[in-house]
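Colleague: Below: one structure in structure tokens.
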Amino acid sequence: EAGVVQSPRYKIIEKKQPVAFWCNPISGHNTLYWYLQNLGQGPELLIRYENEEAVDDSQLPKDRFSAERLKGVDSTLKIQPAELGDSAVYLCASSFPGARNEQFFGPGTRLTVL
Amino acid sequence: DQQVKQNSPSLSVQEGRISILNCDYTNSMFDYFLWYKKYPAEGPTFLISISSIKDKNEDGRFTVFLNKSAKHLSLHIVPSQPGDSAVYFCAASELSNYQLIWGAGTKLIIKP
């Protein structure tokens, strides 16, 4: 069974440029999460989707971050414009519906903003 | 304010011995706790979980202990193997709340 797929794996951009990350969850997983992980810290939730609906985006910095999950499968996370402090690993995870269900993580996208 | 704390950034253990990783939390509403393991350049993978109605959960070489009065949990790995070398994250959540609150992780190094 294929796991959570993310691309690109690495991205280097200059500040003020836009950037987008893509995630393909495990087939059948209706719940999708985007996390941000800074060096030496645990993941922090940015947004959670149930199918195509963003049910928790309270921690998404909406002035520069946006996300979509068209058709309830793939998802894209965008930053525009990127700032130096956005340098981090962006993780996507998916799970079956239910708060106690195991979350499966992709390998992440490491973003470096210069 | 860190609700989940892993105070040891790293831990070195001899192969074959017991590894004990610790985690403390401050939110008394947490009722579900998980341990994830992470290798470099990979995403975290689920290892073991425990509900607050239990004080111990075991899965093969991995055992998680929960002390609710002390707001403390620990992960025991016996015996430790070289493949156990990774970063271990403790995470917690409240009932019916999807949001996991994560600790900063402990890097476990198993020495041959």
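The values are calculated or read from the model by the stated rules, or taken from the named source; none is laboratory data. A quick note: this is a predicted structure, and the numbers were derived from the prediction, not measured. Cβ atoms come from the backbone with ideal geometry, glycine included; neighbour counts cover every protein chain shown. These area figures cover heavy atoms from the full protein model, side chains too; ligands, DNA and RNA do not enter into them. Shrake-Rupley method; radii C 1.70, N 1.55, O 1.52, S 1.80 Å.
Colleague: Looking only at segment B:66-84, filter to residues that are of a type in the set (Ser, Thr, Tyr) and open to solvent by less than 40 Å² (accessible area, probe 1.4 Å); which one of those is farthest from the chain's Cα centre (by Cα)?
Modeller: Only one residue fits best here, namely B:Ser80.
Colleague: Please indicate, with yes or no, whether at least one residue in segment A:22-30 is out of contact with any His (no Cβ under 6 Å at 6 or more places or on another chain) and surrounded by 20 or more Cβ atoms within 10 Å (Cβ to Cβ).
Modeller: yes
Colleague: Say we look at segment B:71-86 and pick out the residues that are in a loop (DSSP other than H, G, I, E, B), out of contact with any Asp or Glu (no Cβ under 7 Å at 6 or more places or on another chain) and not aliphatic (A, V, I, L, M); which of these is farthest from A:Phe96 (Cα to Cα)?
Modeller: Among residues in segment B:71-86 that are in a loop (DSSP other than H, G, I, E, B), out of contact with any Asp or Glu (no Cβ under 7 Å at 6 or more places or on another chain) and not aliphatic (A, V, I, L, M), the one farthest from A:Phe96 (Cα to Cα) is B:Pro79.
Colleague: Would you mind telling me which numbered condition in (1) open to solvent by 10 Å² or more (accessible area, probe 1.4 Å); (2) farther than 20 Å from A:Val89 by Cβ A:Ser66 fails?
Modeller: (2)
Colleague: Also: Of these, B:Asp31, B:Asp1, B:Asp55, which one is out of contact with any Gly (no Cβ under 8 Å at 6 or more places or on another chain), within 18 Å of B:Gln99 (Cβ to Cβ) and exposed (fewer than 15 other Cβ atoms within 10 Å of the Cβ)?
Modeller: Just one listed residue meets the conditions, B:Asp1.
Colleague: If A:Lys15 passes every condition in (1) over 24 Å from B:Phe89 (Cα atoms); (2) in contact (Cβ under 8 Å) with a residue 40 or more places away in the chain; (3) in contact with a strand residue (DSSP E or B) (Cβ under 7 Å, 6 or more places away or on another chain); (4) surrounded by 14 or more Cβ atoms within 10 Å (Cβ to Cβ) but one, which one does it miss?
Modeller: Answer for A:Lys15: the failing condition is (4).
Colleague: Taking B:His72 as the residue in question, decide whether it is touching a strand residue (DSSP E or B) at 6+ places or on another chain (Cβ under 8 Å), more than 11 Å from chain A (Cβ to nearest Cβ) and within 18 Å of B:Gln2 (Cα to Cα).
Modeller: yes
Colleague: Let me ask something else. Residues A:Lys71, A:Lys62: which one is on the phi > 0 side of the Ramachandran plot and more than 11 Å from chain B (Cβ to nearest Cβ)?
Modeller: Answer to the selection: A:Lys71.
Colleague: While we're here: Could you go through segment B:72-92 and let me know if any residue there is under 22 Å from B:Ile109 (Cα atoms) and in contact with a helix residue (DSSP H, G or I) (Cβ under 8 Å, 6 or more places away or on another chain).
Modeller: yes
Colleague: May I pose another question? Only one of (1) outside any strand (DSSP E or B); (2) open to solvent by less than 30 Å² (accessible area, probe 1.4 Å); (3) touching a Ser or Thr at 6+ places or on another chain (Cβ under 7 Å) is not met by A:Asn101, so which one is it?
Modeller: (2)
Colleague: For segment B:87-112, enumerate the residues that are within 14 Å of another protein chain (Cβ to nearest Cβ), in a strand (DSSP E or B) and open to solvent by 10 Å² or more (accessible area, probe 1.4 Å).
Modeller: Across segment B:87-112, the qualifying residues are B:Val87, B:Glu94, B:Ile101, B:Trp102, B:Lys107.
Colleague: A follow-up question, please. How do the pairs read when you match residues in segment A:59-87 that are more than 24 Å from A:Glu14 (Cα to Cα) with residues anywhere that are among the aromatic types (Phe, Trp, Tyr), using Cβ under 7 Å and keeping only pairs 6 or more apart or on different chains?
Modeller: A:Arg69/A:Tyr49; A:Asp74/A:Trp22
Colleague: Let me ask another. Given the conditions (1) in a strand (DSSP E or B); (2) on the phi > 0 side of the Ramachandran plot, and given that A:Lys16 satisfies all but one, which numbered condition is not satisfied?
Modeller: All conditions pass for A:Lys16, except number (1).
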